[in-house]
Amino acid sequence: MPKLRVATVWFSGCSGCHMSFLDLDERLLEFAERAELVFSPVADVKEFPDDVDLVLIEGAVGNSEHLHQLLEIRKKAKILVAFGDCAVTGNVPSLRNPLPREEVLEAVYATADPPGLEEGEVPKLLPQALPLHAVVPVDYFLPGCPPSADRIWKFLRPILLGQKPALSGPDLKFG
Amino acid sequence: MINLTIDGMKVQAEEGETILQAAKRAGIRLPTLCYLEGLSPRGACRLCLVEVRNWGGRLVPSCATPVQEGMDIVANSPRLRELRRTILEMIFAERNHICAFCVSNGHCELQDLAMELGMDHVQLPYRWPLLPVDLSHEKYGIDHNRCVLCGRCVRACAEVEGAMTWGFSGRGIFTLVEADLGDPWGKSTTCTGCGKCVQACPTGALFEKGKATSEQVKRPEIIVEVTERRPRA
């Protein structure tokens with residue numbers, strides 16, 4: 001069986017889900033046997049490659065860069081997974097959603113002309129941080145803040161073996 | 001005794017009992033949120049909906065519907081699972097229920113229901129309303145972002161404590177639970193500070209100040225413990 005082409009992506013999130021992924025520890029060896037990491041914050045690859053079998057996306061869609069990437073990734077990846085609460089619900093980044101974008105940026109940057117209001121050196125901040133499925137169809141949802149390594153493995157292992165993952169009960173706990 | 005059928009099982013119940021009580025005794029689990037033993041039923045959340053087959057498949061809240069002779073009830077079916085999940089999603093989408101930084105994370109009835117009903121995401125668009133948090137009370141706080149409008153606090157305050165501090169203001173999704181006539185909770189002249197509302201609250205909407213998330217475990221069962229110790233009116 002050829003190795004599964006896996007990518008992981010980091011949007012508006014704290015990277016906790018990626019840390020939890022690294023917590024797979026010795027299970028990463030089995031992962032490496034069955035999969036190849038073709039794009040990830042932990043791999044130095046600039047362009048999202050074509051023909052990705054599985055992509056785990058951490059974080060909410062918070063700015064124009066995320067939006068652009070997500071639309072590209074959806075075209076290139078077969079299985080798209082909302083990885084962790086920010087990707088599933090908006091979670092912590094969505095705290096700003098009840099407030100006007102301008103007010104948030106001005107408060108954070110402590111200036112009347114903050115970056116992110118328009119496209120510039122930093123991407124334009126979207127009016128609200130969105131869960132992935134508000135933008136593109138999502139194949140699987142892996143909730144948790146962050147999902148524990150055990151939960152990630154319970155989800156990932158069936159996919160590596162060519163089966164369908166099915167999380168239920170306590171494995172669906174938010175937070 | 002009244003004879004009825006729940007999910008094909010023959011069940012007997014006393015006159016005046018609700019479908020929920022009869023189901024519970026028969027060992028049939030129904031999800032509930034606004035229902036709390038010791039308080040009057042309200043039928044506010046609709047999560048305990050059941051289908052009465054011989055009423056043309058009509059849906060009724062089991063917590064607020066008395067049993068009747070010959071009722072043929074469906075308590076669990078794909079249709080009901082779908083309806084309950086949609087109702088739950090509506091509750092999640094209506095306010096800012098963000099588990100990761102909630103004082104009730106890990107011991108919240110809403111969070112538990114999401115797991116029980118297999119809700120892995122909310123398909124409905126979130127509203128993200130801007131809602132206040134009132135920390136004016138000496139011992140407790142109210143976070144309207146977490147409120148599901150079940151009214152358990154309102155009923156606990158009126159029916160058990162007899163203070164009638166809590167009430168609803170506004171309508172529909174704009175409803176708020178408010179003390180007295182909308183004063184800050186800390187200014188309330190009727191609140192006795194007993195904390196029954198906090199214990200009755202299923203989510204992190206009402207909480208004790210100065211307690212960390214792990215200590216913020218509520219005891220809604222105290223409502224029935226308190227009421228059982230005194231004769232019913």
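Only a single criterion out of (1) modelled with pLDDT of 95 or more; (2) within 14 Å of chain A (Cβ to nearest Cβ) is not satisfied by B:Thr189, namely (2).
Here is the figure for segment B:52-94: residues that are touching a Phe, Trp or Tyr at 6+ places or on another chain (Cβ under 9 Å) and outside the structural domain of B:Leu39 (by TED's automatic domain parsing) total 3. Residue count for segment A:76-111 under the criterion of being of a type in the set (S, T, N, Q) and more than 10 Å from chain B (Cβ to nearest Cβ): the result is 1. Summed over segment B:46-99, residues that are more than 14 Å from chain A (Cβ to nearest Cβ), among the aliphatic types (A, V, I, L, M), in contact with a helix residue (DSSP H, G or I) (Cβ under 9 Å, 6 or more places away or on another chain) and not in a loop (DSSP other than H, G, I, E, B) total 7.
Please list, ordered by residue number, the helices (runs of 4 or more DSSP H) wholly in segment B:142-232 having 1 or more residues that are touching a strand residue (DSSP E or B) at 6+ places or on another chain (Cβ under 7 Å). Even if it seems obvious, please write down each step before you answer.
Details: elements: B:152-155, B:196-200, B:222-228.
Where helices (runs of 4 or more DSSP H) fall fully within segment B:142-232 and carry at least 1 residues being touching a strand residue (DSSP E or B) at 6+ places or on another chain (Cβ under 7 Å), they are B:152-155, B:196-200.
Of everything in segment A:122-175, what is within 18 Å of A:Asn63 (Cα to Cα) and part of a loop (DSSP other than H, G, I, E, B)? Give them in sequence order. So that I can check it myself, show each step before the final result.
Going through segment A:122-175, the residues within 18 Å of A:Asn63 (Cα to Cα) turn out to be A:122-136.
Scanning segment A:122-175 gives A:Val122, A:Pro123, A:Lys124, A:Pro131, A:Val135, A:Val136.
For segment A:147-163, filtering for residues that are surrounded by fewer than 18 Cβ atoms within 10 Å (Cβ to Cβ), within 14 Å of another protein chain (Cβ to nearest Cβ) and without any contact (Cβ under 8 Å) to a residue 40 or more places away in the chain leaves 1.
When A:Cys14 is tested against (1) within 14 Å of chain B (Cβ to nearest Cβ); (2) in contact with a helix residue (DSSP H, G or I) (Cβ under 6 Å, 6 or more places away or on another chain), exactly one condition is not met: (2). Name the residue that is nearest to the other protein chains (Cβ to nearest Cβ), counting only residues in segment A:116-141 that are over 30 Å from A:Lys154 (Cβ atoms) and in contact with a Leu (Cβ under 8 Å, 6 or more places away or on another chain). Step by step, filter segment A:116-141, then rank; the result is A:Leu126.
Taking segment B:100-141 as the search range and keeping residues that are in a helix (DSSP H, G or I) and under 20 Å from B:Cys34 (Cβ atoms), which one is farthest from the other protein chains (Cβ to nearest Cβ)?
Within segment B:100-141, the subset in a helix (DSSP H, G or I) is B:100-101, B:109-116.
With the extra rule that they be under 20 Å from B:Cys34 (Cβ atoms), the set shrinks to B:109-116.
Working: B:Glu109: 13, B:Leu110: 10, B:Gln111: 6, B:Asp112: 9, B:Leu113: 11, B:Ala114: 6, B:Met115: 5, B:Glu116: 8 Å.
Only one residue fits best here, namely B:Glu109.
The values are calculated or read from the model by the stated rules, or taken from the named source; none is laboratory data. Bear in mind the structure is a predicted one, so any value in this text is a computation, not a measurement. Don't worry about glycine lacking a Cβ; one is built from the backbone with ideal geometry, like all the others, and counts go over all protein chains shown.
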